[in-house]
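Participant: Have a look at this one before I ask anything.
Every read-out reported here was derived from the displayed coordinates using simple, explicitly stated rules and does not represent laboratory data. Predicted model only: the values in this text are computed from it and were never measured. Methodologically, a virtual Cβ is constructed for each residue, glycine included, from the backbone with ideal geometry; neighbour enumeration extends over all protein chains shown.
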Amino acid sequence: MLKKNRLFTPGPTPLLPAAQNAMAAYGAHHRTADFRALFSRVLADLKEFIGTKNDVLVLTSSGTGFMEASLTNLTSPGDKVLVLTAGKFGERWVSLAKAFGCAIETVTAPYGETIPVDEVRAKLKPDIRCVYVQATESSTGARHDVEGISKLVRALPDTLLVVDGITGLGTTRFDVDGWGIDIIIGGSQKALMIPPGLAYGAVSERAWQRMEQTKSPRYYFDLRKERKAAQKGETSYTPATSLFAGLAAALDYIRQMGEGNLTAGRDALVANAEMCAAMTRAGVEALGYKLFTPKSPAAALTAVASPTGIDSSTIVKHFREKFGAVVANGQAEMKGQLFRIAHLGYYDYMDTVGVLAALEHVTAAVTGKAVEFGSAVRAAQEVYARASSS
């Protein structure tokens, strides 16, 4: 049987064909008028996609590069920061803050749960310089209450809020300026449907002012340097030029989703992720699985607890070997305990139905129990039908 490779992982994600074509065809030098025009258009479109009037920057790096920049540019060694962590990427904030000599306070939640806003309130003090949080903790599939956290942080005039929206942008609604988010970070390999290699973010005026005071070392990730270059339509260093061409094509595609309006297209992209997530949750539960994050599930991905006595690595392996489909295992100590099905990137209703149909066969194979074929697909279709009729 033919096996077409398909990605159901939270990054990299399925690629937009128009973006692939644009990347393959693009060969302009980065210090030319052609690239400056492309770069400036991408920055303007990203502002609209994020929904902000703040400056937007794009770095040639993974999302972690912009995470590091939000530490080095906004803090000095010894500064007190508050990290909200409930998974592996929250723990990455802790590691970054430790690497640059910050004094770290934390609010933690068990894997699979969301950050309690009341505990954030209790830990927030005027001497906290920055608060760092994920919008979506993609290691567990949990979504955090960024709006609620923002309200608490805004009550402190000298505290900045940094949000890792790498899997959140394009799958979750944000009011970046209204909520007062000082830096929000995205990555090219998520909802924007192109390969890894670009990290982007919106930076508030409060954050720019902080950068003039901070003392942490920075060079490649000096955001002030990038802001100055961007004003001339350039990057400080050699950018991934073909990825910018792909990003421009992806943003054009999202604009088409909104019938010429990029903001409307972004909202449609978020609605697509929400729909596919709801379908997936219904489908896996119809097969008897338990959601790993039942209380505050993200739209970017669904984390599913492996059945008792079955290592999730076996499920991941069956997906790959029988159907050429790649779903994500749990990370680090969660490996073997859960698998993750993502629904972002160039991903739609048909992809959702297909992965659930495959999961029915995988479940029968790994459990040795009878499975009612069509049950997961039917549950997902019912979710879609109810939403469509309303």
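Participant: What's the extension gain from residue 385 to residue 147 if we count 0.36 nm per residue and subtract their Cα-Cα distance? Please report the intermediate quantities before stating the final value.
Facilitator: Numbers: separation 238, 0.36 × 238 = 85.68 nm, distance 3.03 nm.
Stretched out fully, the residue 385 to residue 147 stretch lengthens by 82.6 nm.
Participant: Which trypsin sites (Lys or Arg not before Pro) does region 321-390 hold that lie in a coil by DSSP with at most 12 other beta carbons within 10 Å? Present the calculation step by step, with values, prior to reporting the outcome.
Facilitator: On the way: sites: 322, 335, 340, 369, 378, 386; in loops: 335, 369.
Passing sites in region 321-390 are 369.
Participant: Over the chain, what is the relative contact order in whole percent, taking alpha-carbon pairs under 8 Å and six or more residues apart?
Facilitator: Numbers: 824 pairs, mean separation 88.7, N = 390.
This gives 23 percent for the chain.
Participant: Here's a follow-up. Within 10 Å of each residue's Cβ, count the other Cβ atoms and sort 188, 61, 390 from fewest upward. Don't skip to the answer; put the middle values down first.
Facilitator: Working: 188 29, 61 19, 390 5.
Placing the least packed residue first, the sequence is 390, 61, 188.
Participant: Label points 7 Å out from Cα along the Cβ direction at residue 285 and residue 237: separation in nm?
Facilitator: Calculated label separation equals 4.7 nm.
Participant: What is the gain in length, in nm to one decimal, between residue 3 and residue 205 on full extension, counting 0.36 nm per residue of separation less the C-alpha to C-alpha distance? Show your work: numbers first, answer last.
Facilitator: On the way: separation 202, 0.36 × 202 = 72.72 nm, distance 5.02 nm.
Contour length minus the Cα-Cα distance gives 67.7 nm.
Participant: Kirkwood hydrodynamic radius, region 250-290, all distinct C-alpha pairs: what's the number in Å?
Facilitator: Numbers: mean 1/r = 0.0894 Å⁻¹.
Result for region 250-290 stands at 11.2 Å.
Participant: Choose one of 85, 101, 15: the residue whose Cα lies farthest towards the positive end of the charge dipole of the chain (beta-carbon charges +1 Lys, Arg; -1 Asp, Glu; about the Cα centre).
Facilitator: Of 85, 101, 15, it is 101.
Participant: While we're looking at this one, here's another question. Between residue 267 and residue 29, what FRET efficiency comes out of the Förster formula 1/(1 + (r/R0)^6) with R0 = 45 Å and r the beta carbon distance, rounded to 0.05?
Facilitator: Working: r = 36 Å, r/R0 = 0.80.
That pair, residue 29 with residue 267, gives E of 0.80.
Participant: For 144, 29, 361, 318, what's the fewest-to-most ordering of other Cβ within 10 Å of each Cβ?
Facilitator: On the way: 144 28, 29 9, 361 15, 318 20.
With the fewest neighbours first, 144, 29, 361, 318 line up as 29, 361, 318, 144.
Participant: Cα axis of helix 262-286 to longest principal axis of the chain: angle in degrees, 0 to 90, nearest 10?
Facilitator: Compared with the principal axis, the helix lies near 40 degrees.
Participant: While we're on this one: In what sequence do 375, 150 fall when counting other Cβ within 10 Å, fewest first? If you can, show how the numbers build up before the last one.
Facilitator: Numbers: 375 16, 150 22.
In order of increasing Cβ crowding within 10 Å: 375, 150.
Participant: Right, something else. For a quick protection proxy, order the peptides 241-253, 34-46 by their average other-Cβ count within 10 Å, most packed first. Spell out each step's value before the answer.
Facilitator: Working: 241-253: 22.8, 34-46: 17.7.
Ranked by mean Cβ neighbours within 10 Å, highest first: 241-253, 34-46.
Participant: Same structure, new question: Test of understanding: express the Cα radius of gyration of region 32-98 as a ratio to 2.2 N^0.38 Å, with N the residue count. Please list the in-between numbers first.
Facilitator: Values: Rg = 15.5 Å, N = 67, 2.2 N^0.38 = 10.9 Å.
Normalised Rg, Cα atoms only: 1.43.
Participant: At a 10 angstrom cut-off on C-beta neighbours, averaged per residue, how do the peptides 162-171, 101-110, 212-221 rank from highest to lowest?
Facilitator: By packing density, highest mean first, the sequence is 162-171, 101-110, 212-221.
Participant: Enter the Cα centre distance for the pair region 189-213 and region 118-177, rounded to the nearest angstrom.
Facilitator: For region 189-213 versus region 118-177, the Cα centre distance is 15 Å.
Participant: In whole angstrom, how far apart do the alpha carbon centroids of region 1-26 and region 298-317 sit?
Facilitator: 23
Participant: Next up: Identify which of the listed values of Rg/Rh (Cα atoms, Kirkwood Rh) was calculated from the structure shown: (1) 1.05; (2) 1.00; (3) 0.98.
Facilitator: Comparing each candidate, only (3) matches the computed number.
Participant: Follow-up question, since we're still on this one. Give me the angle, in degrees from 0 to 90, between the Cα long axis of helix 63-72 and the longest principal axis of the Cα atoms of the chain, rounded to the nearest 10.
Facilitator: With both axes taken from Cα atoms, the answer is about 30 degrees.
Participant: Let me ask you something else. Looking at the chain as a GNM with Cα springs under 10 Å, which of 96, 161, 192 has the largest mean-square fluctuation?
Facilitator: 96
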